1. Within the range 258-283, track down each residue that is surrounded by fewer than 18 Cβ atoms within 10 Å (Cβ to Cβ), under 24 Å from residue 317 (Cα atoms) and touching a strand residue (DSSP E or B) at 6+ places or on another chain (Cβ under 6 Å).
2. Given the structure, is residue 14 at pLDDT 85 or above and in a helix (DSSP H, G or I)?
3. Looking at the range 141-156, can you tell me whether even one residue there is in the same structural domain as residue 362 (by TED's automatic domain parsing), exposed (fewer than 11 other Cβ atoms within 10 Å of the Cβ) and modelled with pLDDT of 70 or more?
4. Step by step: first the residues of the range 194-244, then only those that are in a loop (DSSP other than H, G, I, E, B) and at pLDDT 75 or above, then the one that is farthest from the chain's Cα centre (by Cα). Which residue is that?
5. Suppose the filter is surrounded by fewer than 17 Cβ atoms within 10 Å (Cβ to Cβ) and either assigned by TED's automatic domain parsing to the domain that holds residue 205 or more than 23 Å from residue 330 (Cα to Cα) (or both); does residue 255 pass it?
6. Report every pair of residues separated by at least 6 positions or lying on different chains whose Cβ atoms are under 9 Å apart, first residue within the range 54-68 and within 25 Å of residue 322 (Cα to Cα), second assigned to a helix (DSSP H, G or I) and modelled with pLDDT under 75.
């Protein structure tokens, strides 16, 4: 498909919607019932085209990577011992096959040779094993594709430590002073350092799968379980990265905290108590230092974007700008934006309704291993097998000034 043509078609729909708003504004009236129906239908088409464009761009990106991999010479298959040495003992093909067999049928589904592969790293108690590294990588990739913050954040692995320490410069030295050639100026006493700590917190989920589904699933039982756990883990993580309290869970960007983004970085000027206004968005963007603009992104719920699409600048220009060529994202005040279902969407006085910032200044600490525990006997009466998935992660904004939160005015 021609992405440029798809974007031009979407731009045409946006133009038609704008003409309806412009006509009503010129006549100093609200949209009529028929005009409002037409406007909503046009914007629904815009949303549909936007999703089609995103799918096509993602597909072309994957096809490009596949083409590149095909052009590379086929690698000679190496012995298992060499694979283990290069990729780690959990990433070998032998271990992966053994793990898949274990998922399908427990230890009864594993050959003696595969059992040795599974047991090589640690003893097995109650069906508890460490997931092979390839499985871990696939799970994390699925999470990255499903959520917003994780894809932009800076991520760290914490395989051998209880926490990740983040050094901070809390106060700069005071200003230098003009002095004479042989003098050194006054001694500084204001420069100080601090530290933020990220402690990967446990995240767990238990699911039940019928024995028949494990035997007959065309996708493969290991893929089925991985995908379902990926989904539930990703939405819980995303919610925490947005609004988490920081107590036994990540600290969210919409949670006011001196350890993350304090109220110093909230902007409500220009908004009403119930809606986002053009002036409020302008005030928020320009409250963020220009050094962060190159990497900055807006983040809103789709309900907020619905409001913003109707807003104009004082010169009559719409502040929402659709991308009209391949690779060009939609923008608000020249800044790309992202939509998350887990961003706030309650439009009441003093509520947070959006944020702009450099999300690489949101740090995530992940524990290395994800484990799955298989429960064969607990659900035997219902002919089901239980699986418990576990991982550990923490996250927080580590530099408050890299963000500005959009807030509605007080009543």
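The values are calculated or read from the model by the stated rules, or taken from the named source; none is laboratory data. Here the structure is a predicted model, which is why all the values come from computation and not from measurement. Ideal geometry is used to build each Cβ from the backbone, glycine not excepted, and the neighbour counts take in all protein chains shown.
1. 283
2. It is true that residue 14 is at pLDDT 85 or above and in a helix (DSSP H, G or I).
3. no
4. 199
5. no
6. From the range 54-68, the pairs are 58/145.
Yes/no matrix, rows are residues, columns are (1) assigned by TED's automatic domain parsing to the domain that holds residue 306; (2) in a loop (DSSP other than H, G, I, E, B); (3) surrounded by 10 or more Cβ atoms within 10 Å (Cβ to Cβ); (4) at pLDDT 85 or above:
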site	(1), (2), (3), (4)
21	no, no, yes, yes
37	no, no, yes, yes
42	no, no, yes, yes
54	no, no, yes, no
67	no, no, no, no
103	no, no, yes, no
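Yes/no matrix, rows are residues, columns are (1) outside any loop (DSSP other than H, G, I, E, B); (2) surrounded by 15 or more Cβ atoms within 10 Å (Cβ to Cβ); (3) more than 22 Å from the chain's Cα centre (by Cα); (4) free of Cβ contacts under 8 Å to residues at least 60 places away in the same chain:
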site: 314; (1), (2), (3), (4): no, no, yes, yes
site: 323; (1), (2), (3), (4): no, yes, no, no
site: 328; (1), (2), (3), (4): no, no, no, no
site: 338; (1), (2), (3), (4): yes, yes, no, no
site: 346; (1), (2), (3), (4): no, no, no, yes
site: 363; (1), (2), (3), (4): yes, yes, no, no
site: 389; (1), (2), (3), (4): yes, yes, no, no
site: 392; (1), (2), (3), (4): yes, yes, no, no
site: 404; (1), (2), (3), (4): yes, yes, no, no
